[in-house]
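Input: a single structure, listed below in structure tokens.
None of the figures in this text is laboratory data; all of them are computed from the coordinates on show. If you're wondering where the values come from, they're calculated on a predicted model, not measured in any experiment. Note: ideal-geometry Cβ built from the backbone for every residue, glycine included; neighbour counts use all protein chains shown.
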Amino acid sequence: MIFGVVNLRREATLPLVVGNSSRQQEIINAVIDTGFDGFLSLPSEIIIRLGLPWTISNVATLGDGSEAMFDFYAGTVIWDGQYRTIDIAASETEPLLGMAMLYGYRLQIDTIEGGIVKIEAL
């Protein structure tokens, strides 16, 4: 089981260990975004600091229907106690955790400030 918290801006957040193939790691706080179908997005400064390797550039459709080009990088996260290799999109916003990461899991959110966010395997 994975736990997070609802922050003062009413966002469901989750602490996440992100790293590279050399096991250099950093703890980030990601906002769960159910409108994002990818795994994870990170600002370029974190991607550079971890030295994540670029894999591809691809067009993605944003929530407002517009399209934007994103660079994707290979990284690892500790997810449900296991190392998992994922695609990470570079985006100059706060880190976002998407539905590809949550696939196969139940997401429960106590939607009050300080509420518990709970993720468990189905």
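Odds and ends about this structure:
- Exposure rule at most 16 other beta-carbon atoms within 10 Å, DSSP loop trypsin sites (Lys or Arg not before Pro): the chain longest free segment: 24-122
- Derived from the Cα gyration tensor, the three semi-axes of the equivalent ellipsoid of region 64-122 are 23, 18, 11 Å, largest first.
- Full extension of the chain segment joining residue 87 with residue 17 gains 23.8 nm, where the gain is 0.36 nm per residue of separation less the Cα-Cα distance.
- For region 58-63, 3J(HN,Hα) computed residue by residue from phi via the Karplus equation (6.51, -1.76, 1.60; θ = phi - 60°) reads 8, 7, 10, 8, 8, x Hz, glycine and proline entered as x.
- Database remark: amide H of residue 38 closer than 5 angstrom to the amide H of 99, 100 (H placed geometrically; neighbours at sequence offset of 5 or more, or on other chains; Pro and chain starts carry no H).
- Here the peptides 66-73, 13-20 are ranked by packing, the mean other Cβ count within 10 Å, and the order with the highest first is 13-20, 66-73.
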